[in-house]
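The values are calculated or read from the model by the stated rules, or taken from the named source; none is laboratory data. Predicted model, so just to flag it, every value in this text is computed and none were measured. Here Cβ is always computed from backbone atoms with ideal geometry, including for glycine, and neighbour counts include all displayed protein chains. The protein model used for the area step is the full one, side chains on, heavy atoms only, and it has no ligands, DNA or RNA in it. Shrake-Rupley method; radii C 1.70, N 1.55, O 1.52, S 1.80 Å.
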Amino acid sequence: MMPALEYRQSTPRFLAARGASSTKLGGRMSGVLASNVAPLRLVHRAEPSLPSGEWARLRPLLSGICGSDVSLLTGRSSPYFGAVVSMPFVPGHEVVAETLDDLPGLPKGSRVVVDPVLSCAVRGGEPCRWCVAGQHSRCDRVTAGRVSAGLQTGYCTDTGGGWGRQMVAHAAQLHPVPDMLDDRRAVLVEPLACAVHSVRRAQVPEGAAVLIVGAGTVGLLTLLALRALTKAGPIYVVAKHAHQHARARELGATEVFQPSRAARAVRRACGGTLEQPMIGGDFLLGGADVAFECTGAGAGLDMALRLVRAGGTVLLSGMPSGGVDLTPVWFRELNLVGSYASSGRPAAEPAAAEQGAAEQGADEPAGGTFAEAMALAAEAPLDGYVDAVYPLSRWREALGHAAKAGQLGAVKVAFDPSRN
């Protein structure tokens with residue numbers, strides 16, 4: 001038996017958490033996580049078993065708390081995901097761990113980062129067309145195969161997750177961590193791989209004016225990937241808190257705006273006219289070429305849609321929550337692009353996928369997004385990004401800290417499951 005944080009589906013708790021967190025009052029979400037409404041409990045459960053010899057047991061060293069985790073636990077995530085998870089599950093998909101079993105080319109005791117997507121290669125059987133093309137984040141079979149349903153590790157009852165003392169993962173999910181990369185940088189590799197994938201998906205033109213809405217972990221790592229991997233022009237960041245302003249400038253932001261002045265600031269920087277409807281936020285006729293929505297909040301997406309020029313692109317990096325007026329998509333003929341998890345290769349369209357194994361992108365290394373993310377994590381100024389690490393026993397405090405990370409000057413909060 002092992003200690004783990006376990007999520008159990010409970011419709012009454014889900015609805016109670018959603019109702020309690022629906023207010024805009026600052027401390028309410030962290031209050032939900034500290035109360036008995038949260039559908040999470042610290043339990044002792046059986047260690048997960050190995051589905052086959054291609055799997056290894058892992059001992060998590062650090063496991064990050066993602067914004068999507070907070071959304072799930074406060075009832076703000078979409079019920080859409082209920083069909084592609086299995087209960088009960090141990091959360092935690094941002095994981096740096098030590099292997100407890102030998103695998104080919106990966107001896108016991110290796111330090112690894114986990115790619116959490118549970119694709120066809122992990123589940124066994126014939127690969128779907130997306131996995132054939134190297135696009136495992138689009139896998140059509142996340143409810144099939146030799147492990148229970150789960151879009152990712154951390155949402156699957158059979159695999160366990162990083163918020164437990166032990167979990168299992170398939171060899172295809174594991175990326176060795178170089179010795180020079182410490183655990184606090186290594187735990188940022190998975191969200192950084194997602195940022196790399198987002199930037200690839202957006203296909204940012206050379207010299208384009210880019211807007212990033214949100215400067216938490218997702219927004220800052222997206223900024224890092226944009227500066228490292230594209231020839232974007234000016235990059236403008238919308239950030240609430242002083243420490244986010246400082247970090248965004250350190251990573252190469254051209255200017256950083258408070259949300260309350262974003263519309264006017266983007267008009268001044270990018271041109272256009274500011275329009276003020278009788279109800280709802282201001283919008284531009286003009287604006288940025290590309291926007292990345294990195295908050296997962298309806299207000300963030302609403303802002304991004306209103307501040308992009310006609311024919312521009314809005315990419316959803318944060319997991320969406322809350323209703324949004326999509327009129328700008330129709331009226332300004334915007335391209336609304338989703339970006340989920342990471343992918344080994346640049347995204348292929350269905351026709352390309354059906355050709356079989358697609359050619360590797362000319363501007364992407366053979367190791368794909370995780371190789372790029374590992375290199376960026378080693379080189380970028382990321383010291384202090386993981387500034388709070390908690391044992392599982394202090395889970396309420398940890399989740400409350402993560403829910404208020406911006407206000408408290410934090411970027412990433414993590415668990416160390418080995419600590420008492």
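Descriptive notes on the structure:
- Per residue accessible area in Å² of the stretch 205-288, where ligands, DNA and RNA are left out and the probe is 1.4 Å: 43 Å²
- Springs between Cα atoms under 10 Å define the GNM used for the chain, and in it the highest mean-square fluctuation of Cys270, Cys156, Cys194 occurs at Cys270.
- Among beta bridges identified by DSSP and lying wholly in the chain, the antiparallel ones come to about 55 percent.
- The count of lysine pairs in the chain with alpha-carbon distances below 27 Å, taking only pairs 8 or more places apart or on different chains, stands at 7.
- Unpaired Cys in the chain, meaning no second Cys C-beta under 4.7 Å: Cys66, Cys128, Cys139, Cys156, Cys194, Cys270, Cys294.
- Carbon-plus-sulfur accessible fraction, the stretch 245-330 (probe radius 1.4 Å, protein heavy atoms only): 55%.
- Accessible area per residue for the stretch 121-201, computed on protein heavy atoms with a 1.4 Å probe, is 32 Å².
- Shape of the stretch 193-329, Cα gyration tensor, a/c cut at 1.5: rounded
- Gain on full stretching of the segment that runs from Ser260 to Asp179 - 0.36 nm per residue minus C-alpha separation: 24.8 nm
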